[in-house]
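Each reported figure results from applying straightforward, stated rules to the coordinates on display, with no laboratory input. None of the values given here were measured: they were computed from a predicted structure. Don't worry about glycine lacking a Cβ; one is built from the backbone with ideal geometry, like all the others, and counts go over all protein chains shown.
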């Protein structure tokens, strides 16, 4: 709780007193009469996170508000107003649609299409086997090859995906976690083949294992070796791939798994704190690696709460970096973030309505100052999006950027009594969680205790109950339900042939490569893995250059690290 | 009394799909409604699911799948259940499943598919109506 600092507060005591007095009069004379005749729709109003809301807000709700301390100026500490000096007046956010499906050829075609309709950065979606570091011919991969994203087994697939796409001109975000070190190695090796050295490539690997254990559940190894691989990427890139964002600290999956906005904010920052400690422990100077950490948030349907969350997140991270870790470089204080609209807010019923939901969520992200944005497509509760659905989602961003005029003024909601109050609330409630996690010994320890996992499971259940008893209205689902409907949209089907094609290509690669060399390098990898101090990136790059597969590399490390099993809380 | 035992349901997450929000919410709702519920946790192979169903002697299996692999998972599961004599165990499911796949899944032996937006009450009611304790074969 911020203590009221009278000297720097923008509101004079006499003014506040007068407002309070007038408000009491208004309640007596107007409000009480009105609600005795026309009661309000509900007895109490809440944000989606459960914060109780007043009818309206006045300076009395933010009486200690200090402009210079709490907001400052764009591009300056504490960055509440945004990380860049001119924000969208200088450069609009990056339109970054997460995409990938089927074979590398199909994905290459989709990427070229996205770039042709004004997308400015790529965002790679991988299929489940790839996400778990398994080859397309792994028994557990049956039925899933190419389904939720593109299938990648070896460098050969990368060469096809980036065929005709200049890797020095685009930046690429890869949503990949336990095998992030392999995919990053493939990206480096693929760029090398295009004649682009690793100091010139730019992009992001998600590489956020903490949130995997908390929410997304894509894991291979137990927490400690998982974090060691995260560290190896951070250390390697800090030295050799300076334009690479080494961790995308992600609240998105935490939210989608059922967390509230407050929990998303708190757990994400607690993860960030753990990763900063990890870098320092690895011997790096905080100002050398922290500027390359970026964030990734969800934007859900409670418009003002989301905006408040984004503003609070920037201010909190700036404080953490400057005050807790003593970072000196202003870029270490920056919270840059990507936003995706909330997949879990979309409905299977009346899918065209999802365009409207996505628009509201995207607008909140923009008013919250996001650096890049993914807008979901209307058909994603049914399958991966069709080209038509993706086009609408992409154009939604262009309409916000160019037609709504919201990008002309920086942080336009600042100074709203409500938004400033709610920003303070988000911050206060998130600190409570962070303090609790700190008492447990940090996020890694909290995860081992199952703390964030259980909190999220609880929230997910509560959310569903709120829908069941209609405290939460979702149009077309528990209110305004239309009887029997025909699905008015086309659905994308991934050809089951993908699996066969992909396995064939993998077998061909295995026939043509130098297998003795691959085996030798895999043994070297295992040896290196046994020494906690070794960095596994250089040898992984060598392995992918020789067309070792993701399953072979991740499988070799399983022999050393072991595997993690789901504690299955419900 | 044997025929008054609680209905036992296995909630399972097949394959590599990590989306467990729905499975866990449904598992809890069924438990709260008085059924005996076993949740497999993530990343189960179809063989593992069948083994658990056998060992736990369940009356129904609820599969949650959002990865797009449903056209492989359900028919394979039902085939393997038949092979070990679990023909009378009811299979139902939910997740991201396109409408025109539903008749094909039902033809393969899936009793019901619940789509996103289905209320917990609907699922609980359906289980109450459709799943009865199996006769124990000695």
### Task
Let me know the mean shielding of A:380-392 by other chains, meaning the per-residue number of their Cβ atoms within 10 Å of its Cβ.
2
## Note on the structure
Full extension between residue A:169 and residue A:504 adds, at 0.36 nm per residue less the Cα distance, a length in nm of 117.4 nm
### Shielding by partners - mean other protein chain Cβ count within 10 Å, residues of A:142-155
4
### Query
Hey, what number do you get for chain B at 222 nm if only DSSP H runs of n ≥ 4 count, each worth -39500 (n - 2.57), divided across all residues, to the nearest 500?
-12000 deg cm²/dmol
### Task
Kindly provide the Kirkwood hydrodynamic radius of the range A:48-105 in Å, to one decimal, from all pairs of distinct alpha carbon atoms.
15.7 Å
### Query
Separation of the range A:1-70 and the range A:426-464 by C-alpha centroid, Å?
30 Å
### Task
With a ≥ b ≥ c taken as the square roots of the eigenvalues of the C-alpha gyration tensor of the range A:13-62, please select rounded if a/c is under 1.5 and otherwise prolate if a/b is larger than b/c or oblate if it is not?
oblate
### Binned Cα-Cα distances of the range A:106-167, short to long, each 5 Å bin given as a whole percent
4, 18, 27, 22, 15, 9, 4, 1
### Summary
Longest principal axis of chain A (C-alpha) makes with the long axis of helix A:180-193 (C-alpha) an angle, in degrees to the nearest 10, of 60 degrees
### Task
Estimate the FRET efficiency between residue B:108 and residue A:91 by the formula 1/(1 + (r/R0)^6), using the beta-carbon distance for r and 51 Å for R0, to the nearest 0.05.
0.45
### Query
Among A:30, A:237, which comes first, second and so on when ranked by fewest other beta-carbon atoms within 10 Å?
A:30, A:237
### Task
Pull out the extension gain between residue A:25 and residue A:57, defined as 0.36 nm times the separation in residues minus the alpha carbon to alpha carbon distance; nm, one decimal.
9.9 nm
#### Entry: Acute angle (nearest 10 degrees) that the helix A:417-440 long axis makes with the longest principal axis of chain A, alpha-carbon atoms
50 degrees
### Summary
Once residue A:32 and residue A:196 are pulled to full extension, the length gained, defined as 0.36 nm per residue separation minus their Cα-Cα distance, is 52.0 nm
### Query
Just counting partner chain Cβ atoms within 10 Å, what average do the residues of peptide B:94-103 show around their Cβ?
3
### Task
Assuming a ≥ b ≥ c are the square roots of the Cα gyration tensor eigenvalues, decide whether the range B:2-129 counts as rounded (a/c under 1.5), prolate (otherwise, with a/b larger than b/c) or oblate.
rounded
### Message
Would you work out the Kirkwood radius for the protein assembly as shown? I mean one over the mean of 1/r across all pairs of different Cα atoms, in Å.
### Response
26.8 Å
### Summary
Among beta bridges assigned by DSSP with both residues in the protein assembly as shown, the antiparallel ones amount in percent, to the nearest 5, to 5 percent
### Query
Once both axes come from the Cα atoms, what is the angle between helix A:13-26 and the longest principal axis of chain A, in degrees from 0 to 90, rounded to 10?
70 degrees
### Query
Based on the Cβ-Cβ distance from residue A:526 to residue A:115, what FRET efficiency comes out when R0 is 51 Å, to the nearest 0.05?
0.80
### Message
Could you work out [θ]222 nm for chain A from helices alone, using -39500 (n - 2.57) per DSSP H run of at least four and dividing by all its residues? Round to the nearest 500 deg cm²/dmol.
### Response
-14500 deg cm²/dmol
### Message
Between the range A:255-297 and the range A:185-248, what is the separation of their alpha carbon centroids in Å?
### Response
14 Å
### Query
Taking a spot 7 Å from the Cα of residue B:79 along the direction of its beta carbon, which residues of the range B:96-131 have an amide N less than 17 Å from it?
B:104-110
### Task
Could you line up B:118, A:47, A:85 from fewest to most neighbouring Cβ atoms inside 10 Å?
A:85, B:118, A:47
### Residues A:408, A:248 arranged by fewest to most Cβ contacts within 10 Å
A:408, A:248
